[in-house]
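**Q** Once you've had a glance at the structure underneath, I'll fire off some questions.
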Amino acid sequence: MANDSNKFQAIISHCKEYGFIFPSSEIYDGLSAVYDYGQYGSELKKNIRDYWWKWMTQLHENIVGIDAAIFMHPTTWKASGHVDNFSDPMIDNKDSKKRYRVDHLIEAHAETLPKEEGEALLAKMDQFLAKEDFGGLKSFIEENKIKCSVSGTCNWTDVRQFNLMFSTEFGAVSGEGDDNMVYLRPETAQGIFVNFLNVQKTGRMKIPFGIAQVGKAFRNEIVARQFIFRMREFEQMEMQFFIRPGTQKQWYEYWKEERMKWHLSLGIPASRYRFHDHVKLAHYADAACDIEYDFPIGFKEVEGIHSRTDFDLRNHQEYSKKKMQYFDNETDEAGKPYGNYIPYVIETSIGLDRTVMMVLSEAYEEQDLSSPEKQDSRVVLKFPPKLSPVKLAILPLMKKDGLPEIARQLMDECKASFRCFYEEKDTIGKRYRRQDAIGTPFCVTIDHQSKEDGTVTIRHRDSMLQERISIRDVKELVEKSIQ
Ligand code: GAP
């Protein structure tokens, strides 16, 4: 098994070699922090997306889904605070021209120091950041002799804010200033907020209720060298849960617990997760935490849970001059009607690509299968069967004697219910290894005995155990495993 730092590189290579993930437009040397999903990656991603969607919108009766556009009226992003606040302090090294997020630069330096010294450095950095004292930050970097990793010098520009939103021009006429400018959404959440009343009224939804959405988001990330962990174009799976003001603490705790249940239902042990409560809160939140997973690059955020108050709906009401209120006809314990109010919101926001990386990291295993007689090894992706790109490989032992016909018949019976893969070529051992490498939970081999007694050999990916079962039981066995 590769150690953790090598494991990350091994996963990246494996994803490319086996058709999961390719660098975008690779024939032109790629585009930084943009990736394409191949034949198996797109299946894996779709399975995770569908699993999240079903769990959130089908199993929670008070949550419905929408699919809003990526382009939104530009005022949306003024109201949401993204035009003014969605930026990171950056600094450039004058010699290498390399740009750094200031907090990342200082954090990397802190890691090279003894523990207490590093912590003191970070505490001081937080003070400058909280006060937005950028002059102070620059002096602090210089005083601590924090160097650029490329040039090795301490020759820095001033610290500047850099907005992470991509903008483009809308309509046929370009170059007419800000009037035509639109942004590629940096989060899917705002598509939910602006549709809050459309959904509430047409769906006759009663508070508490949620609106879920999956879709692309775009951020001009500065430090983006971590494969699909930090991308410039990525997918989010978000849910806004609308509640009565004053109940946010209780619902925040509920969603922390509920989302952790979802993570554990992926078959990942609790010890691989942890909560990280935010001390420094985003501009919209009164409480926030991350669910972190122990990636090969360390514990990192995979999902955020945010108590967003009424910040977004209130601001949309102010900017659009349209009421964003809900009429609550229930009464409180004292019998007083709740009446009209702007709902508070608890948000759950998980990155789909980051979840793909989490599932890949958890599933990836290099196994040494050597015996005294021969050297052997395999790479196996131990996905939960419900997430595997291919559920069943159907492998006739030979290309003749009527075996392909039996195999094809099984393929026809199963392929409408779940994804199957048919292959006649190469030795059975090689075919098994290829299926292990893409995480197929079951392989079925059709041999001469199948012709005589209607049985096949089914091979289980994780244990590699093989058993003989009736060909009539194959479909049900696979279906049960992916429920
Ligand atoms: N609406 C709230 C929001 O967008 P966030 O913490 O900025 O909150 C939520 O993002 C999730 O989106 C993160 O937990 C992460 O999984 C994913 N995400 C954010 N930026 C990303 C990026 N550049 N590449 C891949 N995933 C990203």
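**Q** Restricting to Cα pairs below 8 Å that are 6+ residues apart, what does the relative contact order work out to for the chain? Please round to a whole percent. Show your work: numbers first, answer last.
**A** Details: 833 pairs, mean separation 64.0, N = 483.
Taking the mean separation of contacting Cα pairs over the length of the chain, I get 13 percent.
**Q** As I understand it, the value is the acute angle between the Cα axis of helix 102-111 and the longest principal axis of the Cα atoms of the chain; what does it come to in degrees, rounded to 10?
**A** That helix lies at roughly 60 degrees to the long axis.
**Q** Okay, next question. Peptides 431-439, 321-329, 401-409: what's the order by average Cβ count within 10 Å, highest mean first?
**A** 431-439, 401-409, 321-329
**Q** State the extension gain, in nm to one decimal, for the chain segment bounded by residue 96 and residue 34, taking 0.36 nm per residue of separation less the distance between their alpha-carbons.
**A** Going from the current span to full extension adds 20.0 nm.
**Q** Can you give the charge dipole size of segment 169-328 about its Cα centre, rounded to the nearest 20 debye, using +1 on the beta carbon of Lys and Arg and -1 on the beta carbon of Asp and Glu?
**A** The calculation lands at about 460 debye.
**Q** Something else now. Label segment 88-163 by shape, choosing from rounded, prolate and oblate, from the square roots a ≥ b ≥ c of the eigenvalues of the Cα gyration tensor; if a/c is under 1.5 it is rounded, and otherwise prolate applies when a/b is larger than b/c, oblate when it is not.
**A** Here segment 88-163 falls in the oblate category.
**Q** Now for a separate question. Taking K and R as +1 and D and E as -1, what net charge do the other residues with C-beta under 13 Å from the C-beta of residue 267 add up to?
**A** +2
**Q** According to the square roots a ≥ b ≥ c of the eigenvalues of the Cα gyration tensor, what is the shape class of the chain, taking rounded for a/c under 1.5, prolate for a/b larger than b/c otherwise, and oblate for the remainder?
**A** Judged from the Cα gyration tensor, the chain comes out oblate (a/c at least 1.5, b/c at or above a/b).
**Q** Go through 144, 109, 163 and say which Cα lies farthest out towards the positive end of the charge dipole of segment 88-163; charges sit on Cβ, +1 for Lys and Arg, -1 for Asp and Glu.
**A** Projecting each Cα onto the dipole axis, the largest value belongs to 163.
**Q** Between residue 17 and residue 181, what is the spin-label point distance in nm, taking each point 7 Å from the Cα along the Cα→C-beta axis?
**A** If labels sit at residue 17 and residue 181, their model points lie 4.7 nm apart.
**Q** If you count the DSSP beta bridges with both ends in the chain, what percent of them are antiparallel, to the nearest 5?
**A** Around 85 percent of the beta bridges assigned by DSSP in the chain are antiparallel ones.
**Q** Sequence neighbours fewer than 8 away in the same chain don't count; with that in mind, list the lysines whose C-alpha is under 19 Å from residue 7.
**A** Correct list for residue 7: 16, 300, 382.
**Q** Give me the percent of the accessible area of the chain that comes from carbon and sulfur atoms, probe 1.4 Å, all protein chains in place. Mind showing how you got there, number by number?
**A** Working: 11640 of 23880 Å².
That fraction is 49 percent.
**Q** Roughly how far apart, in whole Å, are the Cα centres of segment 37-101 and segment 379-433?
**A** One Cα centre to the other: 36 Å.
**Q** Using alpha carbons only, how many degrees (0 to 90, rounded to 10) separate the axis of helix 311-320 from the longest principal axis of the chain?
**A** 70
**Q** Run the quick spin-label model on residue 201 and residue 465: label points 7 Å from Cα toward the beta carbon, then report their separation in nm to one decimal.
**A** Each label point is offset 7 Å from its Cα along the Cβ direction, giving 6.0 nm.
**Q** What does the accessible area per residue of the chain come to in Å², with a 1.4 Å probe and no ligands, DNA or RNA counted?
**A** Heavy-atom accessible area per residue stands at 49 Å².
**Q** Considering the zone a paramagnetic label at residue 479 would reach in this model (a point 7 Å from Cα along the Cα-to-Cβ line), which residues of segment 356-398 have amide N under 18 Å from it?
**A** Residues passing the 18 Å test: 385-387, 391-393.
**Q** Additional query: Would you mind counting up the charge near residue 287? Only other residues with Cβ under 13 Å from its Cβ, with Lys and Arg at +1 and Asp and Glu at -1.
**A** -1
**Q** I've got another one for you. Could you work out the helix-only [θ] at 222 nm for the chain, with each DSSP H run of four or more residues adding -39,500 (n - 2.57) and the total divided by the number of residues, to the nearest 500 deg cm²/dmol?
**A** Numbers: 16 runs with 163 residues, N = 483.
Per the formula, -10000 deg cm²/dmol.
**Q** May I ask you to list the lysines whose Cα is less than 17 Å away from that of residue 399, ignoring any residue fewer than eight positions away on the same chain?
**A** Residue 399 reaches 425, 430, 451.
**Q** Of the listed peptides 89-96, 164-171, what is their order by residue-averaged count of other C-beta atoms within 10 Å, with the highest listed first?
**A** The most tightly packed comes first, giving 89-96, 164-171.
**Q** Does segment 373-481 come out rounded, prolate or oblate by the C-alpha gyration tensor, with a ≥ b ≥ c the root eigenvalues, rounded set by a/c under 1.5 and, if not, prolate when a/b is larger than b/c and oblate if not?
**A** Cα axes put segment 373-481 in the oblate bin.
**Q** Between beta-carbons, use under 12 Å as the cut-off and find the net charge around residue 451, counting Lys and Arg +1, Asp and Glu -1.
**A** It works out to a net charge of -4.
**Q** Using only Cα atoms, tell me the angle between helix 39-53 and the longest principal axis of the chain; keep it within 0 to 90° and round to the nearest 10.
**A** Once rounded, one gets 60 degrees.
The values are calculated or read from the model by the stated rules, or taken from the named source; none is laboratory data. The model shown is predicted, which means the values in this text are computed figures rather than measured ones. Every residue, glycine as well, gets a Cβ built from its backbone with ideal geometry; the counts of neighbours run over all protein chains shown. Just the protein is used for accessible areas: all its heavy atoms, side chains included, with ligands, DNA and RNA removed. Shrake-Rupley method; radii C 1.70, N 1.55, O 1.52, S 1.80 Å.
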